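Peer 1: This is the structure I have questions about; it appears just below.
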Amino acid sequence: MDSDEETKDEIQAILKEFDDYQILPGPILQKILRFKAALLNEIDGSELDLILYLVESHIPGLRLKAEIQIDINEFQRKTENSILNREHLCFPNSHMLSLGQADIDVMLERIAEMPKEWTIIQITPQFSNEEIFATDSKHISTKGIYVTVFNCGRRSEVPYCVNLPNDVLTTREDMRMLKNNLKEALSLPQREGMNEQQQTNTLSYKQRKLYHKKKAHMEETLEAIVRDLEDYWLGVWRCLLIGKYKNELIDQEIRSLVKKFLAEKSRENVSEKVMNILVQAVKGMPGNEYNMEKYLPIILDYCFPGENLCNAWKLFWRKHKILTGKEERHPVILIVDETLDALPWEMINTLSNQPTSRMPSLHLLYAIYKAHEDSIIDGYKVISNYQNGRFILNPGLDLGQMEERLKTFFEYWLPEWTGIAGKTPNSAEFRDLVTSANIFSYSGHGSGAQYCPSDKIQKKKIDSVVLLFGCGSTQLVEQGPEVEMYGTSQMYLLAACPCLIGMLWVVTDVETDLLTTRLLSSWIPNSKKAHWQCVDQIEWAQSGKVIIKENEYPEAILEPDLLKALCIAKNGIKYLCNKAAVVARGIPVKLVNPIS
């Protein structure tokens, strides 16, 4: 921690005065909790205590807002309006600043209760003195991150945490600049009925050249950010983000071989944390994902300080080869701190084909799990009636070509779906479409909050999967260093929306429409039609006409797992700036009994 002993004593004395406060602003509470975690890390205190403080430090203000709304409903005797359970949003035993063993027990019980298929990875910034004195959100520094791993479903699986110290301010500043520059670079003169390509064709040669130059620069910047996340932020520790294999025998075989290696080296009595880290390291070995000569010593030195086991490890695994590169994995749920949310975590190699969603806190994840517990099977919320879909297309009335393209798609592939196209909905119409469907798709500007305010979204349970295909539809907006970030997606989660897919920043229209159709056609089946992959995509993008390519019948991709279908759809996108923008928030969702 970056403070001397005198400063620490002063801070602790100030913190003591906060103990009697029942309610504190979210950002202040967050800093206090992370300072306490930093103290524990510095003195090698209890790791479970440290993890507990980190868990509590994620979006405390948003959770407090939800709890206050529940209290208001109880006071007004309108408990039917309380969507989430108050006790699920916090540890019920203690004051937030006086956490103890009872709270650790509750945390462990909740992890054990959630589906065994889930791996939860919490990414939390470390405490930084500079943050206290920041006068605006442009200069918030992060001295490193904690990566905490929760293996759900078994009481014996104790969470563990790895401290990755780095000055990661540069990448966060780059991400902020990238978002601002993308908005500027992709801003073209809007002409009714024209897509991006047609609009660029109206520019002069010099303007067109500058536009493509800016776009290429954005791609290079984002590629550099992804490399930084992989190599500079996470490095070898990105192996911790690998989910459990669907074939449980592989996980069991790896664990058995790790135990054998430890027995050969007389290291049988290692902690469960070391055992888990070594298992994850084995999962990360196949393929070109790691430079083992560079990264292997880091993990082995962490697990066995001062001992040189690298050569023995290499020899052992050359003898006992494990091939896991293409094995299907269960979902990973990332709990990403709001200040790190704009970063494209899903684009690192470890996660690029891994079903992955995001959640803002462990508490909110558990609350949503409990809200949908009755419809969760084998780790997935199941949807059976996927014909019950609704859509809103071009509510701003200025994206005519997008409207025509997607209308023809819905008429062809999802004719049972109903909705609004080329009309501005009022608040009641918007909310009715969201809440009456099993799947809701929005294609327009932003998140649609301009038609139905977010506070109205929050006050009625949303049981549908929500797809918001608009620029920045799921981004969190900075409001200052002492105010928590805010986004429409948070209100959907407080309404118990099981899963929401949207964009972190500005995207281009044609690729977004292609993503929309690829996602929906690979996720939702239609056995009565030639697959959407057989449609001439160029003709459809240009004219909106559905023309089946003769003699071209590629093997239909049908994936009932929404997060896996999203991976497939994103792989079909050409530009990284568009691909990396798309994220899922919520719990894993799957269609049941899809028509083959």
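The values are calculated or read from the model by the stated rules, or taken from the named source; none is laboratory data. None of these values were measured; they are calculated from a predicted model. Don't worry about glycine lacking a Cβ; one is built from the backbone with ideal geometry, like all the others, and counts go over all protein chains shown. We work out accessible area using only protein heavy atoms, side chains counted, and drop any ligands, DNA or RNA first. Shrake-Rupley method; radii C 1.70, N 1.55, O 1.52, S 1.80 Å.
Peer 1: Across the Cα atoms of segment 386-440, what radius of gyration and what greatest pairwise Cα-Cα distance (Dmax) are found, in Å?
Peer 2: 11.0, 29
Peer 1: Counting only protein heavy atoms, what percent of the accessible surface of segment 453-540 is carbon or sulfur at a 1.4 Å probe?
Peer 2: 54
Peer 1: How large is the dipole of segment 278-407 about the Cα centre if only Lys and Arg carry +1 and Asp and Glu carry -1, each at its Cβ, rounded to the nearest 20 debye?
Peer 2: Charge dipole, segment 278-407, about its Cα centre: 580 debye, nearest 20.
Peer 1: Excluding V336 itself, what net charge comes from residues whose Cβ is under 12 Å from its Cβ, given Lys and Arg +1 and Asp and Glu -1?
Peer 2: -2
Peer 1: Just to make sure I understand: if all protein chains stay in place, what is the order of C471, C534 by accessible area at 1.4 Å, largest first?
Peer 2: C471, C534
Peer 1: Then there's this: What is the spin-label model distance, in nm, from V162 to R255 if the labels are put 7 Å beyond Cα along the C-beta direction?
Peer 2: Output for this residue pair reads 1.9 nm.
Peer 1: What are the GluC sites (Glu not before Pro) within segment 56-93 that DSSP puts in a loop, where the Cβ has at most 16 other Cβ atoms within 10 Å?
Peer 2: Listed in order of number, the matching sites amount to none.
Peer 1: Would you please give the FRET efficiency between Q479 and K459, computed as 1/(1 + (r/R0)^6) with r the Cβ-Cβ distance and R0 = 35 Å, to the nearest 0.05?
Peer 2: 0.95
Peer 1: Counting heavy atoms of the protein chains only and a 1.4 Å probe, report the per residue accessible area for segment 431-563 as a whole number of Å².
Peer 2: Here the residues of segment 431-563 average 36 Å² of exposed surface.
Peer 1: Please give the charge dipole size of segment 460-596, origin at the Cα centre, charges +1 on K and R Cβ atoms and -1 on D and E Cβ atoms. Round to the nearest 20 debye.
Peer 2: I would put it at about 340 debye.
Peer 1: Tell me the accessible surface of M285 in square angstrom (1.4 angstrom probe, heavy atoms of protein chains only), to the nearest ten.
Peer 2: 40
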